[in-house]
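The values are calculated or read from the model by the stated rules, or taken from the named source; none is laboratory data. Just so we're clear, the structure is a prediction, and the values are computed from it rather than from any experiment. Heads up, the Cβs are rebuilt from the backbone with ideal geometry, glycines too, and the neighbour counts pull from every protein chain shown. SASA here: full protein model, heavy atoms, side chains in, ligands and nucleic acids out. Shrake-Rupley method; radii C 1.70, N 1.55, O 1.52, S 1.80 Å.
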Amino acid sequence: MFNKAALLTFSFLAVAFGQQIGTYTAESHPKLSWEKCTASGGCVAQSSGAITLDANWRWVHSTSSTTNCYTGNTWDATLCPDPTTCASNCALDGADYADTYGITTTGNSLTLKFVQPNANGKNVGSRVYLMASNTEYEMFKLLNQEFTFDVDVSNLPCGLNGAVYFSQMDADGGVARFPTNKAGAQYGTGYCDSQCPRDIKFIDGQANVAGWTADSNSANSGTGNMGTCCNEMDIWEANSISAAVTPHPCTVQGQTSCTGDDACAVSSRYSSVCDPDGCDFNSFRMGNTTFYGPDMTVDTTKPFTVVTQFLTDDGTATGTLSEIRRIYVQNGKVIQNSHVNIPGLSSAYNSITTDFCNDQKAVFGDVTDFQDKGGLANMGKAFASGMVLVLSLWDDYAVNMLWLDSDYPTTSDPSTPGVARGTCPTDSGVPATIETSDASASVTYSNIRFGDLNSTFTNTGGSTGTTGPTGTGTPTTRPTTTPPTTSPAGATQTHYAVVKAGLARLSALPARPARFPTPTTASASKFLVVGFENAGRSRSWNGFLRFRW
């Protein structure tokens, strides 16, 4: 903490440079140890590990006072008349992780609380990154490697999502490429994902004030002209009912800003450089309704281990990504991933491959943007360059997380392939309800390990294989403010953060977009197409919804 004289001096000098570091709350990254593993040498603890809170959650204020640079859903016109001046005038401050945000660490364990009461009201949800040092994110190169962690989702009911994923962010948060960014990874800057979110307040070292439009359904969020795109690998999006693993490739490598409706996929859902849909494997959605959940094969009432392997075509770290494989371990027993049980899809599928994605898109009637944006090959290029680990917990103001754990779209027949995703009722997950009824919810991630294939987990209790159904089906041709009482189309991750002026929603991160059936010339079904823009989301998505009746 600077003394008063030092603070005044620092603030005066800061105006000349750019996106600044605040000094009212000292930034102290909570420690989180993890392990690197090799087949020959076992696992070695990385005791210097720590986490940092994403910049969009942080208090943004004048470099010379406690005046907010952003209040409600608008920027201060005096401090922020344009992107450059705003970045020069405004600072990101440190975070009180436990008391304000409900984020705590102990040894190798991280717990994120859903709702954290605090002196100014409450905080809902959070997102953090794993650090390599005080000023750089840990970078993971995933090809021919595996990533493993333990998770306890027993306290995550319908409508919540404990997410673990990788984004192709800059290791320093963008400091080297954008010198006006003085805060950097230390303060959680540089976020990007496959949705090209436009609600991020600072992009490329500039404030996203140009063209800023307040969100029509929120008094605290909005979107600017700029978005921030990059490859995204969703290792884990889950609660106690459902779970999904989803790669999202892009045609570019590294964090890439976009400007305008076309480039940021506003006018057309698939017009950006990234695939917003991905190719997902959700066991329930893929036809095995008894594999994952309370008292099922993977029993979500108890902690378990999640292993994700990234195989290449030649078995080396320089090969082309060819398969993403999921394994679970619980009570010392290895549990192989469930097999597909969907008519028209081979029951041999239990991992993400090019053939699986092609067939799934055809049977579910999904747009082939995953393939069009380079599929597994482009995803593998991002793995080779290195990606940042993201851990979060959120609820969904757009569609109440129904895309993950219920029937979605709710207007479609649940028996239609791809519609049923979990057992949660279609009226569940409403944020206005669960932020009260499930305020005590939380998720705990622990024992993070990374390294050679089959080096990060052990089998002490035997192995459980999941045998697919007999036959392969029919072959296919690949062709807090007051929350709203109803949610607009588009899955959204909503978060709150406390600022000096009180409670303000700083960001909302979208979830996985739903996959919708596509009509064919042989189909007698009717479709209603509704255009939409989901604004003010940290992983927001824009495009069209197609409903069948």
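If I ask for residues that are of a type in the set (Phe, Trp, Tyr) and either assigned to a loop (DSSP other than H, G, I, E, B) or more than 19 Å from residue 113 (Cα to Cα) (or both), which ones from region 45-98 would you list? Break it down into steps so the answer makes sense when it comes.
Filtering region 45-98 for residues of a type in the set (Phe, Trp, Tyr) gives 57, 59, 70, 75, 97.
Result: 59, 70, 75.
Being of a type in the set (Ser, Thr, Tyr) and over 16 Å from residue 133 (Cβ atoms) is the filter; apply it to region 19-49 and report the residue that is most open to solvent (accessible area, probe 1.4 Å).
Across region 19-49, the extreme among qualifying residues is 40.
So which residues in region 86-107 are more than 22 Å from residue 221 (Cβ to Cβ) and either β-branched (Val, Ile, Thr) or under 27 Å from the mean Cα position of the chain (by Cα) (or both), if there are any at all?
94, 96, 97, 98, 99, 104, 105, 106, 107
Could you say which residue among 164, 175 is under 19 Å from the mean Cα position of the chain (by Cα) and not in a helix (DSSP H, G or I)? Outline the logic, then answer.
Working: 175 fails: under 19 Å from the mean Cα position of the chain (by Cα).
Selected residue: 164, the only one of 164, 175 that is under 19 Å from the mean Cα position of the chain (by Cα) and not in a helix (DSSP H, G or I).
Looking only at region 320-349, count how many residues are in contact with a strand residue (DSSP E or B) (Cβ under 7 Å, 6 or more places away or on another chain), open to solvent by 10 Å² or more (accessible area, probe 1.4 Å) and not in a strand (DSSP E or B).
Looking only at that region, the number is 1.
Could you check how many residues of region 352-364 are open to solvent by less than 10 Å² (accessible area, probe 1.4 Å) and not basic (Lys, Arg)?
5
Can you find, within region 150-161, the residue that is farthest from the chain's Cα centre (by Cα) among those that are part of a strand (DSSP E or B) and of a type in the set (A, V, I, L, M)? Step through it out loud before you land on a result.
Initial filter on region 150-161 (part of a strand (DSSP E or B)): 150-152, 160-161.
Those still in the list that are of a type in the set (A, V, I, L, M) too: 151, 160.
Details: 151: 16, 160: 13 Å.
Among those residues, the one meeting the criterion is 151.
Say whether the condition of being over 23 Å from residue 446 (Cα atoms) and either of a type in the set (Ser, Thr, Tyr) or not in a loop (DSSP other than H, G, I, E, B) (or both) is met by at least one residue in region 231-240. Please lay out each step first, then the result.
Our first condition is that a residue be over 23 Å from residue 446 (Cα atoms); within region 231-240, this holds for 231.
Checking the rest, the ones that are also either of a type in the set (Ser, Thr, Tyr) or not in a loop (DSSP other than H, G, I, E, B) (or both) come to none.
Within region 231-240 (the criterion being over 23 Å from residue 446 (Cα atoms) and either of a type in the set (Ser, Thr, Tyr) or not in a loop (DSSP other than H, G, I, E, B) (or both)), the answer is no, since none of the residues qualifies.
Looking at (1) farther than 26 Å from residue 448 by Cβ; (2) open to solvent by 20 Å² or more (accessible area, probe 1.4 Å); (3) assigned to a loop (DSSP other than H, G, I, E, B), which is the only condition residue 257 fails?
All conditions are met except number (3).
Could you list, ordered by first residue, the pairs with Cβ atoms under 7 Å in which the first is in region 188-217 and closer than 27 Å to residue 134 by Cα and among the polar types (S, T, N, Q) and the second is open to solvent by 10 Å² or more (accessible area, probe 1.4 Å) and in a strand (DSSP E or B), at least 6 apart or interchain?
Close Cβ pairs satisfying both conditions: 189/202; 208/202; 208/226.
Please state which of the following conditions residue 454 fails to meet, knowing it meets all the rest: (1) modelled with pLDDT of 95 or more; (2) surrounded by 16 or more Cβ atoms within 10 Å (Cβ to Cβ); (3) closer than 25 Å to residue 34 by Cα; (4) not small (Gly, Ala, Ser).
(2)
May I ask you to list the residues in region 414-440 that are over 30 Å from residue 364 (Cβ atoms) and among the small types (Gly, Ala, Ser)?
432, 437, 439, 440
Scan 102, 94, 125 and give me the residue that is closer than 28 Å to residue 71 by Cα and either crowded, with 23+ Cβ neighbours inside 10 Å or of a type in the set (D, E, K, R) (or both).
Criteria check complete, one pass: 125.
So which residues in region 366-393 are open to solvent by 10 Å² or more (accessible area, probe 1.4 Å) and of a type in the set (Gly, Ala, Ser)?
Residues satisfying the conditions are 374, 377, 384, 385.
Among all residue pairs at least 6 apart or on different chains, which show Cβ distances below 7 Å where the first residue, located in region 255-272, is closer than 13 Å to residue 200 by Cβ and the second is of a type in the set (Asp, Glu)?
255/170; 257/204
Limited to region 69-84, what total is found for residues that are open to solvent by less than 50 Å² (accessible area, probe 1.4 Å) and either at pLDDT below 95 or more than 22 Å from residue 25 (Cβ to Cβ) (or both)?
Of the residues in that region, 4 qualify.
Of all residues in region 293-304, how many are open to solvent by 20 Å² or more (accessible area, probe 1.4 Å) and under 23 Å from the mean Cα position of the chain (by Cα)?
1
Which of the numbered conditions does residue 140 fail, given that it passes all the others? Conditions: (1) buried (at least 23 other Cβ atoms within 10 Å of the Cβ); (2) in contact with a Gly (Cβ under 8 Å, 6 or more places away or on another chain).
Only one criterion in (1) buried (at least 23 other Cβ atoms within 10 Å of the Cβ); (2) in contact with a Gly (Cβ under 8 Å, 6 or more places away or on another chain) is unmet by residue 140, namely (1).
Could you grab me the full set of residues in region 271-290 that are small (Gly, Ala, Ser), buried (at least 24 other Cβ atoms within 10 Å of the Cβ) and in contact with an Asp or Glu (Cβ under 9 Å, 6 or more places away or on another chain)?
To start, the set of residues in region 271-290 that are small (Gly, Ala, Ser) comprises 271-272, 278, 283, 287.
Imposing the further condition that a residue be buried (at least 24 other Cβ atoms within 10 Å of the Cβ) reduces the set to 272, 278, 283.
Selection gives 272, 278.
With open to solvent by less than 30 Å² (accessible area, probe 1.4 Å), of a type in the set (A, V, I, L, M, F, W, C) and in contact with a Leu (Cβ under 6 Å, 6 or more places away or on another chain) as the only criterion, which of 207, 163, 238, 183 stands out?
Selected residue: 183, the only one of 207, 163, 238, 183 that is open to solvent by less than 30 Å² (accessible area, probe 1.4 Å), of a type in the set (A, V, I, L, M, F, W, C) and in contact with a Leu (Cβ under 6 Å, 6 or more places away or on another chain).
Sort out which residues of region 50-62 are more than 25 Å from residue 446 (Cα to Cα) and surrounded by fewer than 24 Cβ atoms within 10 Å (Cβ to Cβ), and write them in order of number.
Scanning region 50-62 gives a single hit, 62.
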